[in-house]
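Worksheet: the structure to be examined is printed underneath.
The values are calculated or read from the model by the stated rules, or taken from the named source; none is laboratory data. Remember, it's a predicted structure, so these values are computed and weren't measured experimentally. When we count neighbours, we look across all protein chains shown, and the Cβ atoms used for this are built from the backbone with ideal geometry, even at glycine. Areas reflect the complete protein model, heavy atoms only, side chains present, ligands, DNA and RNA absent. Shrake-Rupley method; radii C 1.70, N 1.55, O 1.52, S 1.80 Å.
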Amino acid sequence: MKQADLPWLRRKHARGRDYWYFERAGDRIALPPPDAEDFLECYAAAKRGHAPIKETGRTFRRLIAEYREGPRWRRLAPRTRKDYEKVLDWAEATFGALPPAKMERRHIIRAQSENSERLRFANYIVQVLSVLFEQAIDLGWITHNPAKGIRLLKSEGEDLHKPWPDEMIDAFTAAAPVGSVPRTILEIAIGTGQRIGDLLKMRWDHIDGDGIAVRQGKTKTALWIPFTPRLRDYLAALPCRSLTIVSTDRGAPLAYHYAAAQVRTVRTQIGAEAFTIHGWRYTAASQLAAAGASDEEVQAITGHKSRAMVMKYAGAQRQRARATSGQAKREANG
């Protein structure tokens, strides 16, 4: 096949010369001429959705372009990419022409602090820059990661997410009728302990015996989670209207923003603005800890990779259960 016959390759003639582009689904990326030495490399990059890397110096702009071309980026889940993109665009606009080798820990902390009014974004600055510095280390540009170990910010000294108390769960279930999207999300979230993104992808044909098979989008971990009696009964009474368990009235899969908006409406109605959807994952871990489940048993359900994360989710309830048990033993001893 001739280079000029490649799919999505377009030639425009203007001002007495030819211009070459990669055009697909409304996107256009400029390319060098087909006889240029780097044409095939640039064409391959355009197929992956990226403009050719033109930076030659060791700048953040070039580092970001290299990162988007590498395996770290390709391994990210779509939603994580969307979150990272915001920080990558900010980093390119803020110090794109500067060399990563000149960045110091204090500079990153200052950038985090200056964006602290957007807490999630401020913390993503630290996380994404850390990933970029690891890329720079692999390229041989630097020898250490100045973002490593920087503490993430918290909202007024406490975790953004927390388990829902029983009375708040009761208020939510009273406000969200059986079969509604918010109620179904709550029942599956607490019953399985999974993230909202994975919950929305659960399908009826993923049900395997008395449980459901899940592959987590963030960690790629494959799990089989047995149903609680409450979730088993709820799903048995739920009509199967589409491929996914949670769906729109017309049977279409539910997008995250639509699901979050419906849940937010009920949270506002019952005065639960301080509690998040992700808090239901904490609730599941807390209930497991209160029931005496071991760290390994909690991990087998939630999919957490480390015991430190189990302690973050279930530590308070576990401490309470152990303290209650300890006091009971003291009283029994007289």
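For the reader, a short list of remarks on this structure follows.
- Number of the condition not met by Ala236 [criteria: (1) among the aliphatic types (A, V, I, L, M); (2) open to solvent by less than 60 Å² (accessible area, probe 1.4 Å); (3) over 15 Å from Arg195 (Cα atoms); (4) not in a loop (DSSP other than H, G, I, E, B)]: (2)
- Just one of (1) closer than 20 Å to Ser306 by Cα; (2) in contact (Cβ under 8 Å) with a residue 60 or more places away in the chain fails for Lys220. It is (2).
- Only one of the numbered conditions (1) open to solvent by 50 Å² or more (accessible area, probe 1.4 Å); (2) within 30 Å of Ala255 (Cβ to Cβ); (3) of a type outside the set (Asp, Glu); (4) assigned to a loop (DSSP other than H, G, I, E, B) is violated by Arg72, and that is (4).
- Residues that are loosely packed, with under 14 Cβ neighbours inside 10 Å, modelled with pLDDT of 90 or more and part of a helix (DSSP H, G or I), drawn from the range 86-110: Ala101, Lys102, Arg106, Arg110
- Count - residues of the range 179-211 that are touching a Phe, Trp or Tyr at 6+ places or on another chain (Cβ under 7 Å) and not small (Gly, Ala, Ser): 7
- Residues of the range 249-288 that are open to solvent by less than 50 Å² (accessible area, probe 1.4 Å), more than 22 Å from Asp198 (Cα to Cα) and not in a loop (DSSP other than H, G, I, E, B): Ile270 alone.
- Every residue from the range 186-219 that is assigned to a loop (DSSP other than H, G, I, E, B) and either at pLDDT 95 or above or open to solvent by less than 40 Å² (accessible area, probe 1.4 Å) (or both): Gly193, Gln194, Leu200, Met202, Gln216, Gly217
- Residue check for Pro146: within 30 Å of Gly70 (Cα to Cα), open to solvent by less than 70 Å² (accessible area, probe 1.4 Å) and in a loop (DSSP other than H, G, I, E, B): yes
- In the range 95-110, the residues that are over 13 Å from Pro146 (Cα atoms) reach residues that are part of a helix (DSSP H, G or I) with C-beta atoms within less than 7 angstrom, at least six apart or across chains, in these pairs: Phe95/Phe60; Gly96/Phe60; Gly96/Arg61; Ala97/Arg61; Leu98/Phe60.
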